[in-house]
Amino acid sequence: MAAPRPSRLSTSAARVASRHRDPTFEKLMSRLLLLLRATSVVDLVLASPDRSLPLPLLLHPSSSRRLRLPRGAPHFLRSHPHLFSLRIFLSSPAHSFCSTQAMAAPRSSRLNTAVARVASRHRDPTFEKLMSRLLLLVRATSVVDLVLASPDRSLPLPHAADAAAAESSAAAASSSGDLLRRLLSISPSRSLPLRALFRSWRPLGLPDDFEDSVLAAHPSLFSLLPHPREPTSHLLSLRSPNPNPNPNPNPNPSFLPAVDRWRNQQDDPDLKFAFKLGFPPGMRLSKDYRAKLRSWQRLPYPGPYDAVDEGGARRRRRMRSRDEAKRMEKRAVGIAHEFLSLTVEKMVEVETFSQFRKWFGIELNVRDLFLDHPGIFYLSAKGARHTVFLREAYDRGRLIEPNPIYEARMKLLDLALLRRRGIDSSDAAQRMVSRDEDNDDDNDDGDADDEEELVQ
């Protein structure tokens, strides 16, 4: 039976509103929204040369719309003294500055509550002695690895100081290059718009200067081509190692999708083409739905790195059989699963993933795709944005396999969640007030009275 016309116009919004919610992911998304707001302000402060930012700049309408701070920048900065410090000049209150607390030198132990709590903890001498030995072992192992990696089992002493930093930078560039090769290999045309990568560099963990540090450093792998439909943009293309490749080669047969690593650990032959499932708590699955799900799990499909004749697929789009349409839908699920597996936090905004939709050969609405498979993905609509999570990568709101970037963001989130805890109101007021030292000698009694009122 056809639905009435008004409900058709809002089918997507109605499906999102009527989805089965998972309280664990909803709580996680609430915290991540706070992290996004804090990160946006921290990025602006760290982008300035002196690690400080005039407060009127944050009050500008364009900055307010981009930062999305519900109660304004001043309230947000005062609510997170563990992250930001305010310097107010009494001679000109309009020239107030905001700086990150991590970059500001603390004047007392109370300014850094986290450090004070760690310093005042009860120490266990056994574990402290063990940690001292482990630190020595870590330092010795790093030097030994560098020496053994050299051809003559020796390392010049002046080079040893910078070797670890150079090795870490080279490893990061190599990892980013491998990630870009994987993304380009998923695309049937082996090319992606550069604007899509600019919008997703943070979720993918790419360096902010990946054009210079990754693309320019590997000219034999990547090339920039003019976009045929967008004159102001470019396409990132993967160079073919074979000068005369087949029309539809398998670009990188060595790339193994993330879901295949889980399948290889299973002994059940029915799981050869299956995905790991985990439904929201309290979601009831009907018998008919379970039967269709078992049939869908057994259905073979071309993997994300397998070759697909996109030209013929488009021509036969209206002539596809029902099984072929299901296989292409399952391939789209596999591509979305692989893309989320390549991200740092195994999550991404739906709008960001939509930038790659047609370049990955996905002909379906990606939002509906995520809603149709609640056992693989979870879609959250908090914060006026749609964010999709990879279910199997999380356990009780935490990544099962964390990485250094994820750990750093979680530490920033922990500081943001502290808000004003552990800081006295008087001490917080004193931290927010700093005199203009250039006009210290010209202060009169009237200025002193103004300072007392501000502190109070």
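The values are calculated or read from the model by the stated rules, or taken from the named source; none is laboratory data. Predicted model, so just to flag it, every value in this text is computed and none were measured. Note that we place each Cβ from the backbone using ideal geometry, even for glycine, and neighbour counts take in every protein chain shown. Accessible surface areas use protein heavy atoms only, side chains included; no ligands, DNA or RNA. Shrake-Rupley method; radii C 1.70, N 1.55, O 1.52, S 1.80 Å.
Taking residues in the range 336-355 that are of a type in the set (A, V, I, L, M, F, W, C), and partners anywhere that are in a loop (DSSP other than H, G, I, E, B), the pairs with Cβ atoms closer than 6 Å and at least 6 places apart or on different chains are L340/K346; V344/G205; V350/H386. Looking only at the range 363-401, residues that are under 16 Å from the mean Cα position of the chain (by Cα) and free of Cβ contacts under 8 Å to residues at least 24 places away in the same chain come to 3 in all. Among the residues examined, S223 does not qualify as touching a Lys or Arg at 6+ places or on another chain (Cβ under 9 Å), among the polar types (S, T, N, Q) and at pLDDT below 90. In the range 216-233, what residues are open to solvent by 50 Å² or more (accessible area, probe 1.4 Å) and either at positive phi or in a strand (DSSP E or B) (or both)? Scanning the range 216-233 gives L224, L225, P226.
Only one of the listed residues (N242, N246, N250) is touching an Asp or Glu at 6+ places or on another chain (Cβ under 9 Å) and either of a type in the set (A, V, I, L, M) or at pLDDT below 90 (or both). That residue is N250.
Of all residues in the range 285-314, those that are at pLDDT 90 or above and either among the small types (G, A, S) or over 30 Å from L183 (Cβ atoms) (or both) total 11. Out of the residues in the range 38-63 meeting the condition of being open to solvent by 70 Å² or more (accessible area, probe 1.4 Å) and part of a helix (DSSP H, G or I), tell me which one is modelled with the highest pLDDT. Looking at residues that are open to solvent by 70 Å² or more (accessible area, probe 1.4 Å) and part of a helix (DSSP H, G or I), I get A47. Counted as qualifying within the range 313-420 are the helices (runs of 4 or more DSSP H) with 3 or more residues that are open to solvent by 70 Å² or more (accessible area, probe 1.4 Å), namely 322-342, 404-418.
Residues that are among the β-branched types (V, I, T), more than 21 Å from D43 (Cβ to Cβ) and without any contact (Cβ under 8 Å) to a residue 60 or more places away in the chain within the range 171-214 are absent altogether. Residues that are open to solvent by less than 60 Å² (accessible area, probe 1.4 Å), of a type in the set (S, T, N, Q), closer than 22 Å to I405 by Cα and assigned to a helix (DSSP H, G or I) do not occur anywhere in the range 64-73.
Scanning the range 276-302 for residues that are farther than 19 Å from D323 by Cβ and basic (K, R), we see that the one that is surrounded by the most Cβ atoms within 10 Å (Cβ to Cβ) is K276.
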